[in-house]
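I have placed the structure first, in the form of structure tokens, so that the comments after it can refer back to it.
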Amino acid sequence: QVQLVESGGGLVQAGGSLRLSCVASGRFLSIDAMGWYRQATGKQRELVAIRTRGGSTNYADSVKGRLTISGDNAKNTVYLQMNSLKAEDTAVYYCNARVRVPGTYVASAYWGQGTQVTVTS
């Protein structure tokens, strides 16, 4: 079983910053990628940013230049530094990891429980 635990959400004013963290634990062989998704009220969950084990990153156009994903492979951790936050960034942010577990040939997706980010204007 794989567990993802997020931390760092909260309430911030527009223009402010927050840093999210996500740690993966459990029994697995490797993590191919870790990333962040978000879901605002009444909207579908969307990709925010993703980082592969090799360090490649990809961002949603709406967050480029403001949000930065980073990670520590040795610690099975991914971070999301969020600067210049806007009201439209308000959402529940979910950590996602593509993990290879013993007995399988392909990576499976796992999700954290989510952390609320609220940006007031």
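The values are calculated or read from the model by the stated rules, or taken from the named source; none is laboratory data. Just so you know, these numbers come straight off a predicted model, no measurement behind them. A quick note on method: Cβ atoms are made from the backbone with ideal geometry, for glycine too, and the neighbour counts reach across all protein chains shown. When the accessible area is computed, the model is the full protein with side chains, heavy atoms only, and any ligands, DNA or RNA have been set aside. Shrake-Rupley method; radii C 1.70, N 1.55, O 1.52, S 1.80 Å.
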Quick one, can you get me the convex hull of the C-alpha atoms of region 38-96 expressed as volume per residue in Å³?
80
Using protein chains only and a probe of 1.4 angstrom, how many square angstrom of V92 are accessible, to the nearest 10?
40
Each label point is 7 Å from the Cα along the Cα-to-Cβ direction; what then is the distance between the points at N73 and T120, in nm?
4.2
Rg to Rh for the chain: what is it, with Cα atoms only and Rh by Kirkwood?
0.98
For the chain, with a Gaussian network of springs between Cα atoms less than 10 Å apart, report the residue from T90, T104, T52 with the top mean-square fluctuation.
T104
Distance-filtered residues of region 59-76 - backbone nitrogen under 19 Å, label point 7 angstrom along R100 Cα→Cβ:
72-76
Sorting D61, D72, D89 by accessible area (1.4 Å probe), largest first, what list results?
D61, D72, D89
Points 7 angstrom from Cα along the Cβ direction at Q44 and S25: gap in nanometres?
3.5
In whole percent, how big is the carbon plus sulfur part of the accessible area of the chain, probe 1.4 Å, protein atoms only?
47
Charged-residue dipole, Cβ positions (Lys, Arg, Asp, Glu), region 1-59 about Cα centre, Debye nearest 20
20
